[in-house]
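Bear in mind these aren't lab numbers, they're just calculated from the coordinates by the rules spelled out. Because the structure is a prediction, the values reported are computed rather than measured. All Cβ positions, even for glycine, are placed from backbone atoms using ideal geometry, and neighbour counts span all protein chains on display.
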Amino acid sequence: MKAKELKKKYIKFFKEKGHAIIESASLIPDNDPTVLFTTAGMHPLVPFLVGQPHPLGKRIVDAQRCIRTQDIDEVGDDIHTTFFEMLGNWSLGDYFKKEAIEWSYEFLTSKKWLGLDSKRISITCFKGDKDAPKDNEASEIWKSVGIPNERIAFLGKKDNWWGPAGETGPCGPDTEMFYWSPNNIPAPKKFNPEDKRWVEIWNDVFMQYNKTKEGKFEPLKQKNVDTGMGLERVAMVLQGKTDLFEIELFKPIINKIKTISGKDITKANKQSFRIITDHTKAATFILGDERGVPPSNLDQGYILRRYIRRSLRHLRLLGVDLLSMDTTVELAKVVIEIYKEDYPLLKQKKDFIFDELKKEEDKFQKTLDKGLKEFRKMVDKDSQITAKEAFLLYQSYGFPIEMIEELAKEKNVPIDTKGFNKEFQKHQELSRKGAEQRFKGGLSEASEITSKLHTATHILGEAIRSVLKNPDIKQKGSNITSERLRYDFNFDRKLTEEELKAIEDEVNNIIKQSIEIKKQEMPTEKAIKSGAQAEFGTKYPPKVWVYQIGNYTKDICMGPHASNTSELGKFKIIKEESSSAGIRRIKAILE
Ligand code: SER
């Protein structure tokens, strides 16, 4: 069974169980400032997991594209990638453990659905600790559907607990399903979670607690189910394979790398093949997202840059002459071909994707040459690479450390890797501190702040149209962290100081009027006809909410929002700049 059919079946199964279908949200989340990318299907649903009703009801099913950069070091083995699609079914305060587990089992094993061999399934459940009891409830349900005792293992928080990503927020025990992947070896009677041949394929999370600022786990008012099935991994076991990169979502990329490099896969170069495959796919999806960003030295843009540069380095390791063609562009073409039906936006944004990849290739090419020159000078000077020199190559020329080591090895000169790592950690620590600062507070607190920033974003959009006297100005992107809002809109010149001041004053004037924010549910078409503003490129579900701030604004939005403008405090623009051709960007805060 191909991944495409699996996706269809999953959606159909849960539709029959009363779930409403939603589209994959952007890879760049706006409802959850605790993560840079959507790492699981739950991030776009956070407002609904903490109590806001979803316009489509309490049962949701989706296929969400995800990026998990924390798994980057695992890429190279048979089953890890940083980009993947996650199939998920959701209970927003509706069904709980019994239905979730029984449906998981039915979908996996029923001949009508996946028809996987129940004798090759094993389960892990939460073993209990000071915060929450052992999840006997889950294991009993597994036994009742036919999983024997010796195929159920109990593990701690590290393995069988989900969330929260920040310090506070909804979380709970989970139960994971594993499948014995080798076809030619019978599954052992007793389950050993350490044996890597048991591949994790699905995770049912029971969100029943809220972690408080004091570190307590209080029962949630609304108990949710959040499940996540790895699309690629399940397709892999359905196809009787043990190597993820053999399935149709990867194979054409692998084949293209073979053609470009003229190399076959060997034990020594396998990791390079897999890294290039995963990273160019992730890069294509980041660029081709509705909130797509170009490579930069900040946040998502920096991750994107590293994806591209790391791919280029591994292409070089495979002996590819980077000057001979735009290799990442060639690979992105293959990625788009694989996904063009499920993600048509990739095709629509292909020029942007190719341009940015090409620019980044050229840029790295330049620093690469300069860096190589610098490297030769270092070697000529005293036949070694000191920690400081290695760090310079890393920081100023964008060389990954592995590349510096590789170069030193070629020249047969020693390199102070230990010293470099120290420098590197110092630097890492600084950036990690930065990251923690951004994420501090966690989800519950963050959601209060982001609600206000959301509301401010709506007012800002209207204030821009009003001050610039141009009703055709539209939102071209928005991003909210717990510190600031960022708003992109179409306009062809820099705004003057006076205009910025006038926009700021208008927003503050609306805030001061203490206007109540009204929410109304309606069919999407009707909402658009009624003149509600919609974000460019966003696919909305058939029913949406329209938020109205007096007679001032009317926007389609999934929220969350403040209930009265008076809650917002003082609005302040901190930056106005160009974001790309014809698009301006405003960053603002609430004081
Ligand atoms: N949030 C859980 C996971 O990502 C289930 O969707 O594994």
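So here's what we get for this one:
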| quantity | calculated |
| --- | --- |
| Of Lys333/Lys359; Lys8/Lys349; Lys223/Lys539, those spanning more than 19 Å from alpha-carbon to alpha-carbon | Lys8/Lys349; Lys223/Lys539 |
| Two-site FRET efficiency, Thr417 against Asp369, from Cβ-Cβ distance with R₀ of 22 Å, rounded to 0.05 | 0.40 |
| FRET E, pair Asp129, Glu106, Förster distance 35 Å, beta-carbon r, rounded to 0.05 | 0.70 |
| Residues of type lysines that Lys366 reaches as a straight line, Cα spacing below 21 Å, ignoring anything fewer than 8 places off in the same chain | Lys358, Lys377 |
| Normalised contact order of the chain, rounded percent, pairs of Cα under 8 Å and 6 or more residues apart | 12 |
| Debye, to nearest 20: dipole size of the stretch 446-560, +1 on Lys, Arg Cβ, -1 on Asp, Glu Cβ | 380 |
| Charged-residue dipole, Cβ positions (Lys, Arg, Asp, Glu), the stretch 73-221 about Cα centre, Debye nearest 20 | 480 |
| Separation between Cα centres of the stretch 43-120 and the stretch 513-568, rounded to whole Å | 29 |
| Residue pairs, from the table Lys494/Lys570; Lys452/Lys518; Lys15/Lys112, whose Cα atoms sit over 19 Å apart | Lys494/Lys570 |
| Sites Ser580 and Thr496 - FRET efficiency at Förster radius 22 Å, r taken between beta-carbons, to 0.05 | 0.60 |
| Cα convex hull volume per residue for the chain (Å³) | 167 |
| Cut-off under 5 Å, modelled amide H: who pairs with Lys476 long-range | Asp488, Phe489, Asn490 |
| Nonlocal amide H pairs with Ile201, under 5 Å, H built at 1.01 Å | Met177, Phe178, Tyr179 |
| Dipole magnitude of the chain, debye to nearest 20 (Cβ charges: Lys/Arg +1, Asp/Glu -1, about Cα centre) | 620 |
| Residue-averaged [θ]222 nm for the chain, counting only DSSP H segments that reach four residues, each worth -39500 (n - 2.57) | -13500 deg cm²/dmol |
| Helix runs (DSSP H) in the chain reaching 30 Å along axis by Cα, Kyte-Doolittle at least -1.0 | 442-467 |
